[in-house]
Amino acid sequence: MNKWVKIITVVLLALSAGTAGAVLRLLPFMSPDVTTIEENFSVNRFSESSGTINILIAGLDYTDGSERADTLAVAVVDIDSKKIKVMSIPRDSRVLIPKKGWDKINHAYAYGGINLQKEVVVNLLGIPINYYLVLNYKSFPAIIDLLGGITIDVEKSLVYNDYSGKLFINIPKGVQNLDGKNALHYVRFRNDPLGDIGRMGRQQKFIKEVVRKLQTPSVIPKIPELTMEIVRMINTDMSPVQAIQLASYLKDLKEGDLKLFTMPGKAAYIGAISYWLPDIPAASMMLAEQTDVPSVDIDSHELIGDVSLLLSKIKGKISILNGEGSNGLGKRASEEFQHIGIDVGLTGNAKHFDYHTSSIMIPISGNNGDMESAEALAILCGINKKLISKSAAASSVTIILGKDKEKVFANLRTARIKE
């Protein structure tokens, strides 16, 4: 999900004239822990500075009993030119974590909190990190609702059902005014062929719409309330006054002065684990002060063959049956299929666990649409079309996973994105 959308909002809240002054007037009414300022703090610290300020942004999620940085980004604030570049870092980026070895970058927070996460990012990019911002997404819907929602052109229908996690996303294609709940779903959704890369593209698109909304006259009176709400949910080593000063200093930021992009690299599988392999030289050039950065288009990542066409032929929800007996296979398979954009309605066990080869069933009364869905599913999974059959036991297009399940999963992963 887009944790760093909210962090960037902190800076962007001051885009409208007078915001910083309104926040400063509110400081006496905030709780002591929010308003405490070191006696030796210089109110001109940022305004007297030149060069850049690098800020690490980490959005946390609670997974498998520990907190991980579900979303990471580095914001480079150019004091001289009054521009901001924000590079989102895919959470699957393969990095060397001190005393842990090679792992995904988002695991660093679970191992050692923000200090280790900061060290890993510094080692990866070779730049200093001046400040960090850490948050979770609990307050995100409330903030968006305070804005009156965000209008955005949803590029395609976003559907995802996680019954165990009780997360249900259903956002239609087209221009939508998303309330807080649906906005959160929009920035969290990543179950399509582009996975996390597609999600970051949507997050960047969402931020642009937040900028536009914040600059509308109807929102200006709400900015102080928004600022207080955001300040309360952020864990940072930047004092509130520093954050306000930085926002005030950049109050004239124009849309073209905010560049959002994803760290370049490519997807790969190493030891059956999916990673993002960062292109560090390219990332350094894109972060460089003199380099212009084009906005990332989430459709610019090329899919293998006709994956998009095949996915469009799979209508409705499929069912998955465990035909080889592995514990948790239904849940794992459901995640694999939904990650590529295939909605799963039912998982269960087959009649026995001795299926050597995966196969597909359609209802006896199945129509041409069911057969077209089954054939497209067979191509994506690498299943011979001769293994598609009609069965009275099938109420929808159903795949029975056999002992060759790893081959099926490998085909789905290969179809997701060209390496």
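The values are calculated or read from the model by the stated rules, or taken from the named source; none is laboratory data. The model shown is predicted, which means the values in this text are computed figures rather than measured ones. Neighbour counts are summed over all protein chains in view; Cβ atoms, including those assigned to glycine, are modelled from backbone coordinates with ideal geometry. Please note that ligands, DNA and RNA were not included when accessible areas were found on the heavy atoms of the full protein model with its side chains. Shrake-Rupley method; radii C 1.70, N 1.55, O 1.52, S 1.80 Å.
Observations on the structure shown:
- Computed over neighbours whose Cβ is under 10 Å from that of Val154, the net charge equals +2, Lys and Arg +1, Asp and Glu -1.
- Think of a 1.4 Å ball rolled over the protein heavy atoms: segment 168-207 then has 32 Å² of accessible area per residue.
- Whole-number percent relative contact order across segment 349-419, with pairs defined as alpha carbons under 8 Å at least 6 apart: 45 percent
- Near Asn106, the amide H atoms lying under 5 Å from its own belong to Ser93; only residues 5 or more places off or on other chains count, and H is placed 1.01 Å from N.
- Whole-Å semi-axes of the ellipsoid equivalent to segment 57-140 (Cα gyration tensor, √5λ, descending): 22, 17, 10
- 5 angstrom amide H check on Tyr132, placed H, neighbours 5+ away: Leu56, Asp237, Met238
- Here Asn130 and Asp179 are evaluated by their C-beta separation; at R0 = 51 Å the FRET efficiency comes out at 0.90.
- From phi via Karplus (6.51, -1.76, 1.60), per-residue ³J(HN,Hα) for segment 145-153 in Hz, x at Gly/Pro: 5, 4, 6, x, x, 10, 7, 8, 8
- Residue order by solvent-accessible surface for Lys85, Lys138, Lys254 is Lys138, Lys254, Lys85, largest first, with ligands and nucleic acids left out and a 1.4 Å probe.
- Local net charge near Arg94, Cβ-Cβ under 10 Å (Lys/Arg +1, Asp/Glu -1): -1
- Long-range amide H partners of Leu60 with built H, under 5 Å: Asp70, Leu135, Asn136
- Comparing segment 127-189 with the 2.2 N^0.38 Å rule of thumb, its C-alpha radius of gyration ratio is 1.36 (two decimals).
- Relative frequency of Cα-Cα separations exceeding 15 Å in segment 83-124, percent: 35 percent
- For segment 60-171, the Cβ-based charge dipole about the Cα centre amounts to some 280 debye (Lys, Arg positive; Asp, Glu negative; other atoms uncharged).
- Full extension of the chain between Ala393 and Leu309 gives 27.4 nm of extra length, using 0.36 nm per residue less the Cα-Cα distance.
- Counting charges near Ser326 (Lys, Arg +1; Asp, Glu -1) among other residues having Cβ under 11 Å from its Cβ returns a value of +2.
- Value of D in µm² per second that Stokes-Einstein yields for segment 346-419, Kirkwood Rh from Cα pairs, at 4 °C (1.567 mPa s): 101 µm²/s
- Phi-derived couplings, Karplus 6.51 cos²θ - 1.76 cosθ + 1.60 at θ = phi - 60°, listed residue by residue for segment 311-324: 4, 5, 7, 8, 9, x, 8, 9, 10, 10, 10, 7, x, 9 Hz, with x used for Gly and Pro.
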